[in-house]
Amino acid sequence: MTQSPPRIGGQDVESWGDPEDPIVLLLGRPQALFGDWRRAVRALVEAGRHVLIAAAFDTSDDASGELRRLLTDLPSRPALICAQASLPAVIPALQVTGAALASCLVISTAEAAVQPPFDPAALDLPVQIVTRQDGADPAEAENALVLGFLERCAPREALHYHAGSDPRTLRDALGCFATGVTVVTTLDEAGRPVGLTANSFSSVSLDPPLILFCLSRSSANVERFRQAAHFAINVLHIGQQPMSGVFAGAGDRFQDVAWETWDTGAPILSGALASFECATDQIVEAGDHLVFIGRVTRARFEPRRDPLLYFRGKYRRLHFS
Ligand SMILES: Cc1cc2nc3c(=O)[nH]c(=O)nc-3n(C[C@H](O)[C@H](O)[C@H](O)COP(=O)(O)O)c2cc1C
């Protein structure tokens, strides 16, 4: 067990255990968090956790900002343990991008319940409330609760996919690659606009200028994209999350959307972060998807707005500390 006082995110932080292990960040004086804090920290370290204690963390004016700085400066997303007195600072810090900053949150309270009642759904990450336990060894029972929750929500071991194992695990592994979000469009034979949300967009080549996207064979629009000689890729900005939902859902997707055409007729969504008009160059059959490679004939982009992001099955926004 090591002990040193590094400064992270402007806070003095006490460090216990192996820095290579996944981080558990204790916010505030550990005496306020556990019935027997030394035993709890030892149990965490023995369970393969790197424990950081920000003992001076308080709930003063800019505590939320300080917490965000602290979380952003850590080398990996920690599991967070705080007392209920810290919640007024913790909740705003974790709202919106919480899951990007911490893997899970344990709220430790000496009371029978968190007061005022706290709705864990307010945060986009797993939350466990741990109240003081009864019985012969309450500290042991408390530690078991915390360790069990951490194993479930912030597992130490990396997860594995092997050929033949369940596609859900592969999907989760692929979801670790953060992407932007696009709406891919074309015109059908009758000249009606067609489009769907796709995050499988990638640049391919600068010379010649090629890009690609992958279309599921189960898409109702496969034949329309196959038949069309052109398509467009519209990259969405952070304000266009509702549009992403519309183009992945049922109903008339173009009803409330402003669009224009350039040279080929493929719909260019007004106000997109970037649009690429393409001539279909190749269609490659690839398992349950078709890879559409397009030669870019025209592009437009907006240099100031932030992109809409997609990561681990959720929409995200850029976060700068
Ligand atoms: C963020 C996001 C990304 C998606 N990416 C793709 C994609 O790359 N390729 C694809 O075929 N479907 C993708 N989809 C799913 C389609 O948008 C969705 O299945 C749509 O309903 C298909 O419509 P269609 O059957 O009318 O073509 C994505 C959906 C979302 C929400």
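The values are calculated or read from the model by the stated rules, or taken from the named source; none is laboratory data. What you are looking at is a predicted structure, and each value in this text was computed from that prediction instead of being measured. Every residue, glycine among them, receives a Cβ derived from its backbone with ideal geometry; neighbour counts consider all protein chains shown.
Put simply, of Y315, Y310 the only residue that is assigned to a strand (DSSP E or B), touching a Lys or Arg at 6+ places or on another chain (Cβ under 8 Å) and closer than 24 Å to G175 by Cβ is Y310. Checked against the criterion of being under 30 Å from A178 (Cα atoms), among the aliphatic types (A, V, I, L, M) and at pLDDT 85 or above, the candidates L105, L123 yield just one match: L105.
Residues in the range 18-64 that are among the basic types (K, R) and either under 28 Å from the mean Cα position of the chain (by Cα) or not in a loop (DSSP other than H, G, I, E, B) (or both) were compared, and the one that is nearest to P75 (Cα to Cα) is R49.
Within the option set T179, T185, being within 30 Å of A79 (Cβ to Cβ) and modelled with pLDDT of 95 or more holds for one residue only, T179. Within the range 299-313, not a single residue is free of Cβ contacts under 8 Å to residues at least 40 places away in the same chain, in contact with a helix residue (DSSP H, G or I) (Cβ under 7 Å, 6 or more places away or on another chain) and within 16 Å of the ligand (Cβ to nearest atom).
Among the residues of the range 35-44, those identified as surrounded by fewer than 18 Cβ atoms within 10 Å (Cβ to Cβ) and either charged (D, E, K, R) or more than 12 Å from I81 (Cβ to Cβ) (or both) are D36, R38, R39, R42. Just one of (1) under 23 Å from R7 (Cβ atoms); (2) not in a helix (DSSP H, G or I) fails for V90. It is (2).
Looking at the range 215-231, can you tell me whether even one residue there is under 27 Å from D306 (Cβ atoms), touching a Gly at 6+ places or on another chain (Cβ under 9 Å) and more than 15 Å from the ligand (Cβ to nearest atom)? Scanning the range 215-231, I find no residue that is under 27 Å from D306 (Cβ atoms), touching a Gly at 6+ places or on another chain (Cβ under 9 Å) and more than 15 Å from the ligand (Cβ to nearest atom), so the answer is no. A residue that is closer than 22 Å to T109 by Cβ, loosely packed, with under 13 Cβ neighbours inside 10 Å and small (G, A, S) occurs nowhere in the range 15-34.
Restricting S103, S165 to residues that are crowded, with 18+ Cβ neighbours inside 10 Å and of a type in the set (S, T, Y) narrows the list to S103.
Within the range 253-282, being within 16 Å of the ligand (Cβ to nearest atom), outside any loop (DSSP other than H, G, I, E, B) and under 28 Å from the mean Cα position of the chain (by Cα) holds for L269, F276.
Residue-wise test of (1) surrounded by fewer than 16 Cβ atoms within 10 Å (Cβ to Cβ); (2) out of contact with any Leu (no Cβ under 6 Å at 6 or more places or on another chain).
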| site | (1), (2) |
| --- | --- |
| A220 | yes, yes |
| L236 | no, no |
| G271 | no, yes |
| T280 | no, yes |
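Within the range 175-214, the residues that satisfy the criterion of being more than 24 Å from Q255 (Cβ to Cβ) and away from the ligand (no atom under 11 Å from the Cβ) are C176, F177, A178, S203, V204, S205, L206, D207, P208, P209, L210, I211. With the condition kept exactly as written, say whether any residue in the range 68-79 is within 23 Å of K314 (Cβ to Cβ), touching a His at 6+ places or on another chain (Cβ under 8 Å) and not in a strand (DSSP E or B). Scanning the range 68-79, I find at least one residue that is within 23 Å of K314 (Cβ to Cβ), touching a His at 6+ places or on another chain (Cβ under 8 Å) and not in a strand (DSSP E or B), so the answer is yes.
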